[in-house]
Amino acid sequence: MRVFGLLLLLFGLCGSGAHGEGGGLGEVGEISQFQKTAPRDADEESTKQTTEQTTTDIWGEVRALRDMVVELKVELRNMKARVKDSESQVKDLKAELIVTKVLVDLLQKENSDLQIRLSSSEYELLVSKSRIDQLEREDVEIPKVAFYSALTDAGNVGPYKTDITLKYSKVFTNTGDAYNPATGFFTAPVKGVYSFQFTVCGNHKGNMGVYVYKNKQRMMYNAEWWANAGYEYLSNSVVLELIAGDEVHLVLPAGFFVFDNLNNHSTFSGSLLFPL
Ligand SMILES: *[C@@H]1O[C@H](CO)[C@@H](O)[C@H](O)[C@H]1NC(C)=O
């Protein structure tokens, strides 16, 4: 508004300057009149000088004002250009903002997908961990049971009038200490399937053989009526399902004998195949 007012004033000034008429400023009109007439006396001369001075001042001011207008015009043009520039920048920024928004949306979606995958991975990891823990527990809990023994260094055992438990006294392997050489009994530490093997040797005329017992129950009878010179053997094996505390041992039937010496002819062994 200020610029507009200034412009109005300037047009007024310019108009009066150019045509010498009383326009926007009465003073300017008078000045024009004086310019046309010649001075006549000293008073008139002085007045003329003052008037000329005033005219010069006014014209100087007018020029200054015009220059200002020109400057303002230039500035206005510059501002217009800058506004236009700003507008296009705003447009660009808007476009960029839209692109950014789309990108943010995409990233958010990706992020939530990743979070879902992460939490499912975490869950799988937990499941795997608990499985590993369980396996480790089972591995610790599964007892390691295996034994191998031979009967004696003393030669013939038997014959006796009654059945006797064979005490395999030479223990070479007894992992888990389930076999007791003092009693000849194997005691199952856990419920499971167990395997046993035995070899019976004879070296002189007579019956050789063994019974296999599970607790007080006879499971198997092996025997041979030895007739020839030299060693004779029989071997057999048995797989038994036992519960913890079940006992397995070999029994020499009454009237039978078994032979063993430093050469480990008669042996008894067994192991846990797997728990149940
Ligand atoms: C009897 O068995 C033990 C253990 O395996 C072995 O050290 C020893 O040499 C065996 N005796 C003979 C004569 O093979």
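The table that follows gives values for the structure above.
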| item | result |
| --- | --- |
| Of residues in the range 177-195 being surrounded by fewer than 16 Cβ atoms within 10 Å (Cβ to Cβ) and touching a residue at least 40 places away in the same chain (Cβ under 8 Å), the one nearest to SER271 (Cα to Cα) | SER195 |
| Residue within the range 105-118 that is open to solvent by less than 80 Å² (accessible area, probe 1.4 Å) and among the basic types (Lys, Arg) present | no |
| Candidate set from the range 247-268 (those that are within 60 Å of the chain's Cα centre (by Cα) and surrounded by fewer than 19 Cβ atoms within 10 Å (Cβ to Cβ)); member that is farthest from the ligand (Cβ to nearest atom) | GLU247 |
| Residue check, LYS73 charged (D, E, K, R), open to solvent by 90 Å² or more (accessible area, probe 1.4 Å) and part of a loop (DSSP other than H, G, I, E, B) | no |
| Breaking point among (1) open to solvent by 80 Å² or more (accessible area, probe 1.4 Å); (2) modelled with pLDDT under 85; (3) among the basic types (Lys, Arg), for LYS48 | (1) |
| Counted residues, the range 210-227 - those being surrounded by 21 or more Cβ atoms within 10 Å (Cβ to Cβ) and in contact with a Pro (Cβ under 8 Å, 6 or more places away or on another chain) | 1 |
| Flag for VAL140 being exposed (fewer than 10 other Cβ atoms within 10 Å of the Cβ) and either more than 19 Å from the chain's Cα centre (by Cα) or more than 30 Å from VAL190 (Cβ to Cβ) (or both) | yes |
| Boolean, PHE172 is in contact with a strand residue (DSSP E or B) (Cβ under 8 Å, 6 or more places away or on another chain), in contact (Cβ under 8 Å) with a residue 12 or more places away in the chain, among the hydrophobic types (A, V, I, L, M, F, W, C) and more than 21 Å from LEU242 (Cβ to Cβ) | yes |
| Residue within the range 90-100 that is assigned to a strand (DSSP E or B) and either more than 22 Å from ALA244 (Cα to Cα) or charged (D, E, K, R) (or both) present | no |
| Which listed residue is of a type in the set (D, E, K, R) and over 20 Å from ASN261 (Cβ atoms), from LYS216, LYS205 | LYS216 |
| Residue within the range 162-169 that is open to solvent by 60 Å² or more (accessible area, probe 1.4 Å) and either over 30 Å from LEU273 (Cβ atoms) or in contact with a Cys (Cβ under 8 Å, 6 or more places away or on another chain) (or both) present | yes |
| Of the criteria (1) within 16 Å of the ligand (Cβ to nearest atom); (2) open to solvent by 20 Å² or more (accessible area, probe 1.4 Å); (3) outside any loop (DSSP other than H, G, I, E, B), which one PHE198 fails | (2) |
| Selected residue (only one of ALA154, ALA150, ALA146 is within 16 Å of the ligand (Cβ to nearest atom), touching a residue at least 40 places away in the same chain (Cβ under 8 Å) and under 46 Å from the mean Cα position of the chain (by Cα)) | ALA146 |
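The values are calculated or read from the model by the stated rules, or taken from the named source; none is laboratory data. Just so it is clear, the structure is predicted and the values come from calculations on it, not from any experiment. Every residue, glycine among them, receives a Cβ derived from its backbone with ideal geometry; neighbour counts consider all protein chains shown. Side chains are part of the model used for accessible areas, which takes the heavy atoms of the whole protein and leaves out ligands, DNA and RNA. Shrake-Rupley method; radii C 1.70, N 1.55, O 1.52, S 1.80 Å.
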